[in-house]
Amino acid sequence: MLRAIGAPARMQSHVVNKIRLIMKKHVKKIAGKLWSALPGSPQGANIPILCYHSVNNGYCAEADPVSVELFDKHLRYLKENYSVVSLRDVADHLIDGLDLPDNPVAISFDDGYLDNYLYVFPLLKQHELHATIFVVSAFLNREVQLLPVNGWESFSWEQAREMAASGFVGFGAHTHNHHILTSLDRKQVKTEIEQSRDHIQRELGQTPTLFAYPNGQGGDIPEYSAEVLESLGFKAAFSTFWRTYHLPGEIMRINRVMIHGSDSLDTFKLKLEGAYDYIFHLHRAKAGAFSDNGMIVT
């Protein structure tokens, strides 16, 4: 009897959640089109940096996977319309003015899921494109499991070495345990980042100079993080503030554009064009990033 009452309730809850997701998706799309009709962005380096987590035909809300077929379409579109460059070259451009080809874009993945090796890596090789994966070292060590579901395990260090040797995949640090850094004290923050750096150095034979903050929003990034990262040899760090362009002084909080499994190919194209850059200001406002005169600090 209890089961009979509970089943419709669960079904109703599922339908409500589905409706909310659809409404949210369409509201963002409309807002993006309105934003793209406004005058141009402030002067800065216009380089969309795409941030994925998982490419997988399964479903996991936390991993937010893009289907294999759709990711293939993403790469085809990028190859035909943009110049895919490495994140290392993006950092060198922002720091030292390294010349980049026209219409540059970069691809990044966070965490180190097995599907990055099974599906992303073969497609990168097929299309001869480069991506950077920010790995959680304890995840690759099998010391922690990031998601409470089966099917989203990490790739191995051996598989990471294979990807690195191909030249199509670079690696950056994403902490050791994926702790949100503002939940730790300064000494613990340094240890989290240092352990990640040291594991990558030992396992891959390369010292990472790029870092991505776990979660990567304003409330997740300590004010002193740049000092800690620089002391450990990192030259650039990446957030999840959504914006396709980058201003001077943002080298330790470089913006990225999140790519979701629910995004259509049209939405993907709009994100590349900066139509969703308005979300950057929502993120900054949520983090309380205002100056004394009430303007959002960029």
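The values are calculated or read from the model by the stated rules, or taken from the named source; none is laboratory data. Computed from a prediction, not measured in an experiment: that's the story for all the values here. Ideal geometry is used to build each Cβ from the backbone, glycine not excepted, and the neighbour counts take in all protein chains shown.
Checking every residue in region 273-286 against the condition of being surrounded by fewer than 18 Cβ atoms within 10 Å (Cβ to Cβ), basic (Lys, Arg) and modelled with pLDDT of 65 or more gives zero matches. Filtering region 77-91 to residues that are in a helix (DSSP H, G or I) and buried (at least 20 other Cβ atoms within 10 Å of the Cβ) leaves 78, 87, 90, 91.
Each row is one residue, and each column tells you yes or no for (1) assigned to a helix (DSSP H, G or I); (2) surrounded by fewer than 21 Cβ atoms within 10 Å (Cβ to Cβ).
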residue: 102; (1), (2): no, yes
residue: 117; (1), (2): yes, yes
residue: 145; (1), (2): no, yes
residue: 148; (1), (2): no, yes
residue: 152; (1), (2): no, no
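Name the single residue, out of those in region 194-216 being polar (S, T, N, Q) and part of a helix (DSSP H, G or I), that is surrounded by the fewest Cβ atoms within 10 Å (Cβ to Cβ). Lay out the reasoning, then the answer.
Step one: of region 194-216, the residues polar (S, T, N, Q) are 195-196, 201, 206-207, 209, 215.
Narrowing the set further to residues that are part of a helix (DSSP H, G or I) leaves 195-196, 201.
Details: 195: 17, 196: 26, 201: 14.
Here the answer is 201.
Does residue 191 satisfy being outside any helix (DSSP H, G or I) and β-branched (Val, Ile, Thr)? In short, no.
Here residue 94 meets the list (1) within 16 Å of the chain's Cα centre (by Cα); (2) at pLDDT 95 or above; (3) buried (at least 20 other Cβ atoms within 10 Å of the Cβ) almost entirely, failing just condition (1).
Among the residues making up region 221-262, those that are charged (D, E, K, R), at pLDDT 95 or above and under 15 Å from the mean Cα position of the chain (by Cα) are 253, 256.
Starting from residues that are in a helix (DSSP H, G or I) and charged (D, E, K, R), keep the ones in region 44-76 and report whichever is surrounded by the fewest Cβ atoms within 10 Å (Cβ to Cβ). Lay out the reasoning, then the answer.
As a first pass, look at region 44-76 and keep what is in a helix (DSSP H, G or I): 68-76.
With the extra rule that they be charged (D, E, K, R), the set shrinks to 69, 72-73, 76.
Working: 69: 9, 72: 17, 73: 14, 76: 15.
So, considering only residues that are in a helix (DSSP H, G or I) and charged (D, E, K, R), the one surrounded by the fewest Cβ atoms within 10 Å (Cβ to Cβ) is 69.
If you filter region 67-115 down to residues that are among the charged types (D, E, K, R) and free of Cβ contacts under 8 Å to residues at least 40 places away in the same chain, you find that the one that is nearest to residue 169 (Cα to Cα) is 89.
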